[in-house]
Amino acid sequence: MGGGAGDPSNGFPHREGRTEMFLPVPPQLGSQGPRSKGSGSVFYNPAMSGSRTRSVLLLKYAIESGMLGEREIYALDGLAASGLRARRWINELPGEMAKRISATIVDLDEDALKWAMESHVRFGTSHGEGRLIPRNGDLRVEVLKSGRHWVDIDPYGSPAPFIDTAIQSMARSGVIEISATDTAALTGSSRTALMRRYGARVRTDGLAHDSGMRVMLASISRSAARHDRIISPLLSVWDSHHLRVSFRILKSVSSANNLEGSLGWRVYSPREEEVLSSIDAGLHPQSQLTHLPMHCMLPLSYPVDRRDPRVSGPLWVGPSGDSRAMSCMTESLALETCGPIFEEGDFVGWDQKKFEMERRRISRSVRHISEESVVVGSNHLVVVDDLSSWLENGAPPSPRRIVSYLTEAGHLAAVSSYGRPSFRTNAPWEAVVEAAESIQPPM
Ligand SMILES: C[S@@+](CC[C@H](N)C(=O)[O-])C[C@H]1O[C@@H](n2cnc3c(N)ncnc32)[C@H](O)[C@@H]1O
């Protein structure tokens, strides 16, 4: 052991979820960015802990649902750094699931893998099941060495360089999870980078992060189709500085031929004929058109002017998540699976308060996801700040109150897990306007 990042046995013990690890420097909890990048040390970003918790829960759902088959599961933590993500999979899942998992951790940084394996040897897994295999090298080479059921790509910046090879490595049915921290590009602030990497434009408005996730899904689905595959989103999340999409990937030439049906445009302040086309294409709730909505989606075949600043895309116009996968992400299940339990004389040195704080972080990481599952099939996401400006009716209404009003009126609606106060609904636009105005009479 030893090397550029020092000796792990002299490292700082830390815990995320139920999994302990050694780090070369103490983590700064609550910080947004990586503490330990550079300086010859191991990258660990506490701000990504929610993403790792959701990853454990999604893998649990995928195993239970049978989508990863019934035999050994070949999983790859592609840009592993501290290896914590893969270590959390095999440690926090129940023993009978973990024993099916063979998890490979890949990183260019040999020191990072040494620290990961030292933590694994020292702390093991709670049930003694699960295999962890280190591979030092370039993900684009390592990933093609065998078929995989589960691949995680969590890069610095854009995932674009890693997507094509990851798709080629997949078994007939598997799951890929991809993070992106090039949010300035994906949300339209860096227009040339967005066009170069993803071939799209995004309007920088309240829905820019949702549009960015949909641009990623569109770009990934095109790569998948080139390899006779289709994607089916399970979960799409905007969490602080990163966007993350998780999707099932399946071999199907006939469905890959129909890819264009899942792609299209998002238009801000649409004209009446655009809303009618959106309704006709099944991309917008039926509506009387007494009020025009803030935005709608259009099929790829619709003749949009790509220089029109109202238009974002091409982007994914299908659901950005799967209701069954999302319904499993409850706070109680998250705590049951990943929540650490206080013990006196804790090795990491945590007192009861620190355990409680970590349990709160675990709960927060899935907030609103299971609730939103009931209406994820509708892509009508409404940011309440934008709604009140659009209707010119004062302070933004509470998403919870709008949702109550709409559900009492018989529509599907839920507070969204999107990173701005918002709700998702299948209600016609006039019902949304009525709800907003009833809760908050016009000024
Ligand atoms: C953002 S960090 C990964 C964080 C990690 N997934 C986690 O959950 O903590 C990116 C890692 O990718 C590694 N890396 C960068 N380019 C790589 C490549 N082409 N192949 C393999 N690893 C690479 C870096 O050394 C770094 O450890």
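The values are calculated or read from the model by the stated rules, or taken from the named source; none is laboratory data. All values reported here derive from a predicted model rather than from experimental measurement. Every residue, glycine among them, receives a Cβ derived from its backbone with ideal geometry; neighbour counts consider all protein chains shown.
Values computed for the structure shown
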item	result
Qualifying positions in the stretch 105-130 - of a type outside the set (A, V, I, L, M), under 25 Å from ASN10 (Cα atoms), free of Cβ contacts under 8 Å to residues at least 60 places away in the same chain and surrounded by 15 or more Cβ atoms within 10 Å (Cβ to Cβ)	ASP107, HIS120, GLY124, THR125
When residues of the stretch 68-77 are limited to those that are more than 7 Å from the ligand (Cβ to nearest atom) and more than 15 Å from LEU57 (Cβ to Cβ), the one nearest to the chain's Cα centre (by Cα)	LEU76
One residue from GLY339, GLY313, GLY282, GLY345 being more than 20 Å from PRO46 (Cα to Cα), touching a residue at least 60 places away in the same chain (Cβ under 8 Å) and not assigned by TED's automatic domain parsing to the domain that holds PRO26	GLY313
Odd one out for ILE153 among (1) surrounded by fewer than 24 Cβ atoms within 10 Å (Cβ to Cβ); (2) without any contact (Cβ under 8 Å) to a residue 60 or more places away in the chain; (3) closer than 25 Å to SER370 by Cα	(2)
Residue that is nearest to GLU70 (Cα to Cα) [pool: residues in the stretch 107-134 that are more than 9 Å from the ligand (Cβ to nearest atom) and part of a strand (DSSP E or B)]	ARG131
Test: residue in the stretch 172-186 that is in the same structural domain as MET67 (by TED's automatic domain parsing), at positive phi and surrounded by fewer than 20 Cβ atoms within 10 Å (Cβ to Cβ)	no
Residue that is more than 17 Å from ARG15 (Cβ to Cβ), outside the structural domain of HIS242 (by TED's automatic domain parsing), of a type in the set (Val, Ile, Thr) and in contact with a helix residue (DSSP H, G or I) (Cβ under 8 Å, 6 or more places away or on another chain), where the choices are VAL382, VAL403	VAL382
Residue in the stretch 155-168 that is in the same structural domain as HIS241 (by TED's automatic domain parsing), more than 14 Å from the ligand (Cβ to nearest atom), assigned to a helix (DSSP H, G or I) and more than 17 Å from the chain's Cα centre (by Cα) present	yes
The stretch 48-67 - residue that is of a type in the set (A, V, I, L, M, F, W, C) and within 16 Å of the ligand (Cβ to nearest atom) and, of those, surrounded by the fewest Cβ atoms within 10 Å (Cβ to Cβ)	LEU58
Per-region count, the stretch 398-412, residues charged (D, E, K, R) and surrounded by fewer than 16 Cβ atoms within 10 Å (Cβ to Cβ)	2
Cross-chain or 6+ apart pairs with Cβ under 9 Å, the stretch 80-94 first and touching a residue at least 24 places away in the same chain (Cβ under 8 Å) and in the same structural domain as MET117 (by TED's automatic domain parsing), then near the ligand (Cβ under 10 Å from one of its atoms) and among the aromatic types (Phe, Trp, Tyr)	ALA81/PHE43; ALA81/TYR44; SER82/PHE43; SER82/TYR44; LEU84/TYR44
Those residues of the stretch 297-346 which are in a loop (DSSP other than H, G, I, E, B) and of a type in the set (Phe, Trp, Tyr), in sequence order	TYR302, PHE342
Condition broken by THR187, with the remaining ones in (1) of a type outside the set (Gly, Ala, Ser); (2) over 23 Å from ALA47 (Cβ atoms); (3) without any contact (Cβ under 8 Å) to a residue 40 or more places away in the chain satisfied	(2)
Counted residues, the stretch 356-367 - those being in a loop (DSSP other than H, G, I, E, B) and either crowded, with 20+ Cβ neighbours inside 10 Å or of a type in the set (Gly, Ala, Ser) (or both)	2
